[in-house]
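Report on the following structure.
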Amino acid sequence: DFRQWVLVTDWNPLTVWFYRECYLRFSMAAFDLSDLEDSLVHLCNNSIQKEADNFEEVKARSMWTLEEFKAHLVATTGSLDVWEGRVLP
């Protein structure tokens, strides 16, 4: 779940201001399509996730800064091409 701030100042023509910094939130439970009712799997809000039994022990790992995400991309793909070429635009 990317948390990104934008400001829309006009609808016609559409004018959107994009704040480049963002952060990511992760579910504290493994993704599973077989149980769509499990909000801990499908919703990343802290207000939902705090209900998890292991919230206190994993909450620090459930959110990354943009820099942490970029470091992960470089570590797994060798570059920032995915971020700069696909996600950011």
Checklist entry - In region 1-29, which residues are part of a loop (DSSP other than H, G, I, E, B), within 26 Å of Lys70 (Cα to Cα) and not hydroxyl-bearing (Ser, Thr, Tyr)? => result Asp1, Phe26, Met28, Ala29
Checklist entry - Which residue pairs have Cβ atoms under 7 Å apart, sit 6 or more places apart or on different chains, and have a first residue in region 71-89 that is open to solvent by less than 60 Å² (accessible area, probe 1.4 Å) and a second that is of a type outside the set (A, V, I, L, M)? => result Leu73/Trp83; Leu80/Lys70; Trp83/Lys70
Next on the checklist: If I ask for residues that are closer than 28 Å to Glu84 by Cα, of a type in the set (A, V, I, L, M) and out of contact with any Ser or Thr (no Cβ under 7 Å at 6 or more places or on another chain), which ones from region 9-58 would you list?
Outcome noted: Leu14, Val16, Leu24, Ala30, Leu43
Checklist outcome for this item: So, first residue at pLDDT 95 or above in region 1-28, second residue open to solvent by 70 Å² or more (accessible area, probe 1.4 Å) and of a type in the set (S, T, N, Q), Cβ within less than 6 Å, six or more apart or across chains; the pairs are Thr15/Thr9
Checklist entry - Residues of region 49-70 being of a type in the set (A, V, I, L, M, F, W, C), open to solvent by less than 50 Å² (accessible area, probe 1.4 Å) and touching a Leu at 6+ places or on another chain (Cβ under 7 Å), which ones? => result Ala52, Phe69
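Suppose we filter region 30-89 for residues that are part of a helix (DSSP H, G or I) and of a type in the set (Asp, Glu); how many remain?
6
The values are calculated or read from the model by the stated rules, or taken from the named source; none is laboratory data. Predicted model only: the values in this text are computed from it and were never measured. Don't worry about glycine lacking a Cβ; one is built from the backbone with ideal geometry, like all the others, and counts go over all protein chains shown. All accessible areas refer to the heavy atoms of the entire protein, side chains included, with ligands and DNA or RNA removed. Shrake-Rupley method; radii C 1.70, N 1.55, O 1.52, S 1.80 Å.
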